[in-house]
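One structure below.
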Amino acid sequence: MEMNRTTVVYYSLEGNSRFAAETAAKELDARIIQLQPEKEPPKKGFGKFLAGGGSALFLKNLPVKPIDFSVDETDRIVIVYPIWAGTFAPAIGWFLRTYALKEKQVAAIACSASGKADKSFQKICALTEKENLDATLSLVNPLEAKEETKRRIREFCGKIQ
């Protein structure tokens, strides 16, 4: 029997992306890896936007705690992340620049308050040298509508299984 070789990689500051990642991993029977910056940005106030948004906007490669991950041990990667300053969080940028994913199936779930994730999907395509991602999903405040979020993630997972 072939083992499911799907990995869900996520970064979450406030829990929305964690919820989406855990839901997708359960649906896909996938391994899950949390990216944790060596130094977390502030969770509230102006510092949150300055530290997190600025780092994301300028694609700063902030150090991330070591993870147990090998590109060779997975066929499909689902990347789950919050939108910061119109793009993905710096931890996701670190992951995309650290691992060569061109030969892998790559899908993405973005979590935001605005629902505007298209630029982040395009940046993931650029960093993975792909024309398109296998599937994308933009979620608005996933924790505020958990059942609807789960339904949308189930649909998303159905597209990539």
I need the full set of residues from segment 72-94 which are within 18 Å of Ala30 (Cβ to Cβ) and buried (at least 24 other Cβ atoms within 10 Å of the Cβ), in order please. Ile77, Val78, Ile79, Val80, Tyr81, Ile92
Could you grab the pairs with beta carbons closer than 7 Å, sequence gap of 6+ or different chains, first residue in segment 10-32 and part of a helix (DSSP H, G or I), second one buried (at least 18 other Cβ atoms within 10 Å of the Cβ) and charged (D, E, K, R)? none
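Restricting to segment 33-43, name every residue that is at pLDDT 85 or above and either part of a loop (DSSP other than H, G, I, E, B) or closer than 19 Å to Thr128 by Cβ (or both). Show your work before the answer.
From segment 33-43, those at pLDDT 85 or above are 33-36; that's our starting set.
Selection gives Ile33, Leu35, Gln36.
The values are calculated or read from the model by the stated rules, or taken from the named source; none is laboratory data. This is a predicted model, so every value here is computed, not measured. Every residue, glycine among them, receives a Cβ derived from its backbone with ideal geometry; neighbour counts consider all protein chains shown.
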